[in-house]
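Presented below is the structure to which this report refers.
The values are calculated or read from the model by the stated rules, or taken from the named source; none is laboratory data. If you're wondering where the values come from, they're calculated on a predicted model, not measured in any experiment. In this analysis, Cβ positions are derived from the backbone assuming ideal geometry, glycine residues included, and neighbour counts consider all displayed protein chains. Areas reflect the complete protein model, heavy atoms only, side chains present, ligands, DNA and RNA absent. Shrake-Rupley method; radii C 1.70, N 1.55, O 1.52, S 1.80 Å.
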Amino acid sequence: MSHKFDVVVFGSCIVDFISYVPRLPKIGETLHGTKFVTGFGGKGANQCVAAARLGSRTAIIGKLGDDPWGKNYHDALRLEGVNVEHVDIVDGESTGIAQINVAENGDNQIVIVVGANNCLEPADVHKGAELLSNANVLVCQLETPLNATIEALKNFAGTSIMNAAPALESVPLDLLEYSTIFCVNETEAALLTGLQVETVMHAKAALLKLRDMGCGTVIITLGEKGAIFAMKNSTKVKHVKPIHVERVVDTTGAGDAFIGALAHFIAKNPSTGLTECIAAANRVAAMSVQKPGTQISFPRFEETGLPLDVSSYQSEWEYI
Ligand code: RIB
């Protein structure tokens, strides 16, 4: 069925304060950085902008503070073509902020204070009911209150992608059971399952444990090792191979580029297999790590070199 929106995000908007440093500081250490920039971030908004840049019709349900950052962020999302009718400015709250250090090898450290994002509540799902019933894919993360996120998942009839980031040690069963696709990285998979996740085979064990815990389709992203996934009710695990990157500049937001791109490809190519959608999303994430910044590093569709019909994209994969 054709909807008004390809991708709707129920999630976070955060302003990033980014310091570039030669290496990440040790505990108690003060380091001289080389550059400071601010940018628009937050996993939810990043994922939404990633999808919008690829050509999805997008909307976000979220909260901003009643400070200059909130107003600027509202305008920035609109300029990206994102529908912001359901992004509220909350009186007396500050816009979420993230302090980010990016090292010369591309590694990062992030501390978030979510501020107004904490005001997203189940009632916002009901206020956005029309929007949600008009979208192909819903995307959620864990930077906004869990009860509201679960309400969004429960009230969505299309394909939902739950990106359980940042990492939590445990999540309510509803979060696993009500999402169509549950997607985490190695760190998040390790924390949720209690297993060590360093190799592709470790990741396979974690994926099967997540399935036992109640998940349907599961994807685990593995950075420079690509991604693995298994469809709901199948024990066959596929390893989708990575895209080779010559020089990593900044990994901040690469996971969000992947999720936003995945949502885009699923929404635009509903009959294409998940393997091709994941491979194409890997390519978008690989492009984003080669540029500094979060949203500003996300490519537009024309820059990706991907075919319009992603089912014809040659992906490299194997069963593991
Ligand atoms: O995933 C990267 C994002 O995490 C940053 O933009 C920051 O805002 C935090 O939410």
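Tabulated values for the structure
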read-out: Filter result for Gln109 (out of contact with any Gly (no Cβ under 8 Å at 6 or more places or on another chain), open to solvent by 60 Å² or more (accessible area, probe 1.4 Å) and at pLDDT 95 or above); value: no
read-out: Residue count, segment 289-307 (criterion: touching a residue at least 60 places away in the same chain (Cβ under 8 Å) and either in contact with a Phe, Trp or Tyr (Cβ under 6 Å, 6 or more places away or on another chain) or not polar (S, T, N, Q) (or both)); value: 9
read-out: Subset of segment 151-191 (residues that are in a strand (DSSP E or B) and away from the ligand (no atom under 16 Å from the Cβ)); value: Thr159, Ser160, Ile181, Phe182
read-out: Residues being open to solvent by 30 Å² or more (accessible area, probe 1.4 Å) and either more than 30 Å from His202 (Cα to Cα) or free of Cβ contacts under 8 Å to residues at least 60 places away in the same chain (or both) - total across segment 308-320; value: 6
read-out: Residue under evaluation Glu130, criteria (1) in contact (Cβ under 8 Å) with a residue 24 or more places away in the chain; (2) more than 15 Å from the ligand (Cβ to nearest atom); (3) open to solvent by 60 Å² or more (accessible area, probe 1.4 Å), criterion not met; value: (1)
read-out: Output for segment 1-56, where each listed residue is surrounded by 16 or more Cβ atoms within 10 Å (Cβ to Cβ), part of a loop (DSSP other than H, G, I, E, B) and either near the ligand (Cβ under 10 Å from one of its atoms) or free of Cβ contacts under 8 Å to residues at least 40 places away in the same chain (or both); value: Gly11, Ser12, Cys13, Gly42
read-out: The one condition in (1) open to solvent by 20 Å² or more (accessible area, probe 1.4 Å); (2) over 20 Å from Ile259 (Cα atoms) that Thr159 fails to fulfil; value: (2)
read-out: Selection count where residues are within 19 Å of the chain's Cα centre (by Cα), in a strand (DSSP E or B) and under 22 Å from Gly293 (Cα atoms), scope segment 80-101; value: 5
read-out: Hey, Ala116 free of Cβ contacts under 8 Å to residues at least 12 places away in the same chain and either of a type in the set (A, V, I, L, M) or open to solvent by less than 30 Å² (accessible area, probe 1.4 Å) (or both) or not; value: no
